[in-house]
1. Give the stretch 52-77 a look and list any residue that's within 14 Å of the ligand (Cβ to nearest atom), under 30 Å from V38 (Cβ atoms) and assigned to a helix (DSSP H, G or I), or say none.
2. For the stretch 149-170, which residues satisfy the criterion of being closer than 21 Å to A53 by Cα and within 15 Å of the ligand (Cβ to nearest atom)?
3. Given the residues I168, I138, which is the only one that is modelled with pLDDT of 95 or more and open to solvent by less than 30 Å² (accessible area, probe 1.4 Å)?
4. Suppose we keep only residues that are touching a strand residue (DSSP E or B) at 6+ places or on another chain (Cβ under 8 Å) and assigned to a helix (DSSP H, G or I) within the stretch 141-165. Which one would you say is most open to solvent (accessible area, probe 1.4 Å)?
5. Looking only at the stretch 207-227, count every residue that is assigned to a loop (DSSP other than H, G, I, E, B) and small (G, A, S) and tell me the total.
6. If W82 meets every condition in (1) over 23 Å from S189 (Cα atoms); (2) open to solvent by less than 50 Å² (accessible area, probe 1.4 Å) apart from one, which number is that one?
7. For the stretch 181-206, give me each residue that is surrounded by fewer than 24 Cβ atoms within 10 Å (Cβ to Cβ), part of a strand (DSSP E or B) and among the β-branched types (V, I, T).
8. Would you confirm, using the coordinates I've provided, whether V22 is over 15 Å from the mean Cα position of the chain (by Cα) and surrounded by 22 or more Cβ atoms within 10 Å (Cβ to Cβ)?
Amino acid sequence: MPNQDELADVVICGAGVLGLSVAHTLLAERPNMRVAIVAREMPGLDDYSQNWASPWAACNWFSYSNKPTTVRWETISFERFWDMIPEGIVMATPTTMCWSAAGVAEQIWYQDVVRNYEVLEGDAIPAGYKYGVKYTTITLQPRLYLQKLKNGLEKRGVTFVRRYLPSIAYATAYGKKDAIIVNCTGLGSMSLGGVEDTSMFPIRGQTITVHAPHIKESICDIVDGGGDATYCVPRPDGTCIIGGTFQFSNWQQGLDTDTGFAIFDRASRMIPALLSPETKIVSHNVALRPARMGGMRVEVERVEYPLEGPQEVLPDFELEADVPVEALEEGKVPSKSFTVVHAYGMGPAGYSCSWGIAEDVVKLILSS
Ligand SMILES: Cc1cc2nc3c(=O)[nH]c(=O)nc-3n(C[C@H](O)[C@H](O)[C@H](O)COP(=O)(O)OP(=O)(O)OC[C@H]3O[C@@H](n4cnc5c(N)ncnc54)[C@H](O)[C@@H]3O)c2cc1C
């Protein structure tokens, strides 16, 4: 039987930007809590797996919504990122945003959050667009950032377990009897037993990573209703992400070469510096943003175990160390209930909202 003192008070499922941000925020609030992070993909070990989103983000602070909750999350996150600039992993980046549809300007709420905000006039508006604004936001290199978050948590004693969880109930094996489980499994929440959220869907993003240290500014157009956008996001390591697609409910993880050519063509017309001989293509990328009909899920649920019907999966002998193996073989799994705090489904804005979401999740953990 495992020693209860060595088990976690909180078990976080998922080591993407949300799981890691929740762990940091929780330990800032309660430094003595024992935290375990259980995930199929881990920063540093699975950076090129397409089965999670976080390593593939562009990755800049950009607002996708003016809903009050998102505005709060994005504001908290922006300030947190801005404070990280001196650490070198986050970069202040001048950014131009342009569009042609009427009504977009009225939706911009973050003039006083980003720095140096100005409305562009006349020739300052990029060619082919009717409107534009310029401001300074932050960009980062997601793989380096995730690794930094993980390193910081390891120093604080967080246990990392790299494994697939067939159901949310499996996570309880890493926690004390009354441990709280946090579900940050992104698109995995669609198939994770006991969660099986059918309102999840992917937004396919095809992008190109280029080595282009001569590009220091970000540019992005705003398109309505998904499809294709044109953007270039320079990051602190001298690479830029150019993009890209927003293809709703498209699960294709293979590369579409025509789309790749089209992305480079559009981006280099908008940013001619991409055509410099200094620019080298590093990789073509395809990844899936974890989106949810109805928006991000941040809420508490009490789950009964064993799970019922098709949600139940065979118990895991290794995990059920306090249950005699014979009982498991006979299918007599002891019943119990546990608390899950869900935090998944942020689609294209997981980084932009990460620290704000983490604050709300920690409040739910501490009040459960
Ligand atoms: C091309 C692209 C560009 C983007 N650009 C930006 C941007 O500029 N700014 C921005 O804010 N956001 C951006 N995003 C979105 C952002 O990447 C996501 O919103 C964010 O990474 C989601 O993080 P997450 O932690 O919720 O999920 P994920 O990063 O997907 O992590 C999920 C975790 O759960 C684990 N997991 C899942 N199922 C299981 C299971 N059954 N058992 C065990 N572990 C499991 C995974 O292994 C992983 O560790 C972009 C995304 C893409 C694809």
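1. Scanning the stretch 52-77 gives S54, P55, W56, T70, W73, E74, I76, S77.
2. Result: L149, K150, L153, F160, V161, R162, R163, Y164, L165, P166, S167, I168.
3. Values: I168 fails: modelled with pLDDT of 95 or more.
Answer to the selection: I138.
4. Looking at the filtered set, the residue picked out is E154.
5. The total comes to 3.
6. Status for W82: all satisfied but (2).
7. I203
8. Against the criterion (over 15 Å from the mean Cα position of the chain (by Cα) and surrounded by 22 or more Cβ atoms within 10 Å (Cβ to Cβ)), V22 does not qualify.
The values are calculated or read from the model by the stated rules, or taken from the named source; none is laboratory data. If you're wondering where the values come from, they're calculated on a predicted model, not measured in any experiment. Please note: Cβ atoms are built from the backbone with ideal geometry, for glycine as well, and neighbour counts cover all protein chains shown. For accessibility, only protein heavy atoms count, side chains too; no ligands or nucleic acids. Shrake-Rupley method; radii C 1.70, N 1.55, O 1.52, S 1.80 Å.
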